[in-house]
Protein chains: 2
Amino acid sequence: MSTVEKAMELLNHFSLDRPEIGLSEFHRLLKRDKATTFRHLKALQNVGLLEQDEETQRYRIGPAVLRLAHQREITMPRRAGVRAVLPQLAAATGETAHASLFEGAQLLTLAHHEASLHSNRVVMNDAILPLHATGSGHVVLAFGDDNLRKLAISKMTRFTEHTVVSEEQLAIQLESTRRTGFGVSIEGYESGVHGIAAPLFDHSGKVAGSVAVACVASRMTPELESTIKQELVSAATRITRSWGGTIPDALEHAWGDLGKDARSSRN
Amino acid sequence: MSTVEKAMELLNHFSLDRPEIGLSEFHRLLKRDKATTFRHLKALQNVGLLEQDEETQRYRIGPAVLRLAHQREITMPRRAGVRAVLPQLAAATGETAHASLFEGAQLLTLAHHEASLHSNRVVMNDAILPLHATGSGHVVLAFGDDNLRKLAISKMTRFTEHTVVSEEQLAIQLESTRRTGFGVSIEGYESGVHGIAAPLFDHSGKVAGSVAVACVASRMTPELESTIKQELVSAATRITRSWGGTIPDALEHAWGDLGKDARSSRN
DNA sequence: GTTTGTCGGTTCATTATTTGAACCATCGTT
DNA sequence: AACGATGGTTCAAATAATGAACCGACAAAC
């Protein structure tokens, strides 16, 4: 591990509970020599990644990160992070892949990519996806907050004969997506479409959208479902990472072995 | 200069024109050995501060900065950056210091601090400051965009007999603040109050607010004006820096020698 | 179709920086 | 006044950073 990496490690110890950290505290936290820790702190401070509180002498994340985050937003907006992943998802599954952004209680389609494998495939039209009737919707409901669920329950339009329209049915579905880590809608929004979705998270740790694969329902088999799920985990992990977020532990656990590839592909 | 600082330097070479940089380009840019540059790039990549484009192989700012920026916002919101500076500004000038945030075409008071030196002092009441009648307003108008100026011109309420109410008068004032780097309003908003303001900038390089000193007009002398300006430059620089912004070159030049202290106090 | 220039990346002996045990100064408690 | 915190400093020893030369791949030039 290079010295720069060692120094950067300091940055990972800040959190809500620990917004400021002093020299001795760092020294204990990292079990590294105090002098070393001190020089690392000063180096990070000199480049603006850290700053020291004038009175308490403790260190906190510095202003430079704001500038860098701005630069990141310019060069790599969320849409770009998604577009780098969808083609592979579509290619590997042979079905239509799409991603949506959760913004202001709505689920907006960000991008989609159709596989060229089959001549009949699902074509995405809608910009706004219903929360109660799609796999993507289930996923943000399951991992989002209560208010959102109440809102969604209040407007459960019926789209097909399979659409989930009762609160109880929805609760069962959400319980399932929370347990498995996938949102599933079998012809719930459009007839003949079987959708499977995985959640995306942003830097603040909240659900920020979803990736999904929309299949021609008649083509679904246990094998296809398995590859879709595996690819979804990989795609969700990569997009989430690109957005500066992390997959919650509970979800990683739910995904279990499916997540192995994605997790090890960090470098 | 430590190795971590050297590595971090790479991060400062990204900009709008240069959102992605390759190994060789960095090597030329920094005039450092290619192998060294390469290892620095990899180190930064490993900690997520950089990421490499899969096809072009060039490097760009990584997702980790989003997480860090989020952490920064939590521990050091804009108001906190201001509050760390206002007391000193008030103490050094002996007058009332205040700062405002420019948000949604409005100038909102963020915080204020009264000096205890004099028994008669300016007391801040208003949450929203008029753009045409205050030093703070002039400063955001002068360094803001045209639309804002048009908006301000369309509603120039008269507050006192000294309020600027004609478009021509305002243009002259703004020209002056652009030249000097200070917004001035002598009894333009409230009788007996002489205000001097300096602009604040955010990470995107735009005016994001202002710091100002509101004096009892009768107390103003050339000496006081001089110290106020000097302290304002220092305060504006510090707050801007805390917000992840930088003072534009043109403005640094306008402030001239006044800015020396602030600029050298970087470490 | 060989030459030349570029690119990203690698090697390894030399060199310079990082490292850590011990040490200081200062503060608030006991 | 002694104690145990804190942030910060010193210097010889150890380790990690460095850079000249090298590699393979690709693209344009001759």
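Yes/no per residue for (1) touching a residue at least 40 places away in the same chain (Cβ under 8 Å); (2) within 16 Å of DNA strand D (Cβ to nearest atom); (3) not β-branched (Val, Ile, Thr):
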{"site": "B:23", "(1), (2), (3)": "no, yes, yes"}
{"site": "B:31", "(1), (2), (3)": "no, yes, yes"}
{"site": "B:43", "(1), (2), (3)": "no, yes, yes"}
{"site": "B:68", "(1), (2), (3)": "no, no, yes"}
{"site": "B:105", "(1), (2), (3)": "yes, no, yes"}
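If you go through the range A:112-156 and keep only what is under 26 Å from residue A:84 (Cα atoms), more than 23 Å from the chain's Cα centre (by Cα) and either modelled with pLDDT of 90 or more or aliphatic (A, V, I, L, M) (or both), you end up with A:117, A:122, A:123. Of the residues that make up the range A:14-36, is at least one more than 20 Å from residue A:207 (Cβ to Cβ), under 23 Å from the mean Cα position of the chain (by Cα) and hydrophobic (A, V, I, L, M, F, W, C)? Yes: one or more hits. If you go through the range A:162-195 and pick out every residue that is farther than 17 Å from residue A:98 by Cβ, among the hydroxyl-bearing types (Ser, Thr, Tyr) and touching a helix residue (DSSP H, G or I) at 6+ places or on another chain (Cβ under 9 Å), you end up with 4. Of the helices (runs of 4 or more DSSP H) lying entirely inside the range A:5-84, those containing at least 1 residues that are closer than 30 Å to residue A:113 by Cβ and more than 7 Å from chain B (Cβ to nearest Cβ) span A:64-75, A:78-83. Scan the range B:143-168 for residues that are in contact with a strand residue (DSSP E or B) (Cβ under 7 Å, 6 or more places away or on another chain) and closer than 22 Å to residue B:236 by Cα and the total you get is 2.
Remark: residue A:162 falls outside the filter, which requires a residue to be buried (at least 23 other Cβ atoms within 10 Å of the Cβ), touching an Asp or Glu at 6+ places or on another chain (Cβ under 9 Å) and on the phi < 0 side of the Ramachandran plot. In this structure, residue B:17 qualifies as acidic (Asp, Glu), away from DNA strand D (no atom under 11 Å from the Cβ) and within 30 Å of residue B:209 (Cβ to Cβ). Screening residue B:65 against (1) within 19 Å of residue A:73 (Cβ to Cβ); (2) touching a Pro at 6+ places or on another chain (Cβ under 7 Å) leaves a single unmet condition, (2). Applying the criterion of being under 14 Å from residue B:24 (Cα atoms) and out of contact with any strand residue (DSSP E or B) (no Cβ under 7 Å at 6 or more places or on another chain) to the residues of the range B:43-78, the residue that is farthest from DNA strand C (Cβ to nearest atom) is B:56.
Selection within the range A:24-35: residues that are of a type outside the set (D, E, K, R) and within 11 Å of DNA strand C (Cβ to nearest atom). The member of this set that is surrounded by the most Cβ atoms within 10 Å (Cβ to Cβ) is A:27. A residue that is of a type outside the set (A, V, I, L, M, F, W, C), within 13 Å of DNA strand C (Cβ to nearest atom) and in contact with an Asp or Glu (Cβ under 8 Å, 6 or more places away or on another chain) can be found somewhere in the range B:5-23.
Scanning the range B:192-221 for residues that are of a type in the set (Lys, Arg) and within 24 Å of residue B:252 (Cα to Cα) yields a single hit, B:206. Can we say residue A:184 is more than 28 Å from residue A:73 (Cβ to Cβ), at pLDDT 95 or above and among the hydrophobic types (A, V, I, L, M, F, W, C)? When the stated conditions are applied, residue A:184 passes them. Listed conditions (1) crowded, with 19+ Cβ neighbours inside 10 Å; (2) among the small types (Gly, Ala, Ser); (3) under 20 Å from the mean Cα position of the chain (by Cα) are all met by residue A:176, apart from (1). Scoring residue A:95 on the criteria (1) among the charged types (D, E, K, R); (2) free of Cβ contacts under 8 Å to residues at least 24 places away in the same chain; (3) more than 19 Å from residue B:53 (Cβ to Cβ) leaves a single failure, condition (2).
The values are calculated or read from the model by the stated rules, or taken from the named source; none is laboratory data. What you see is a predicted model, and the numbers here were worked out from it, not measured in a lab. Because the Cβ atoms are built from the backbone with ideal geometry, glycine has one as well, and the counts that use them run over all protein chains shown.
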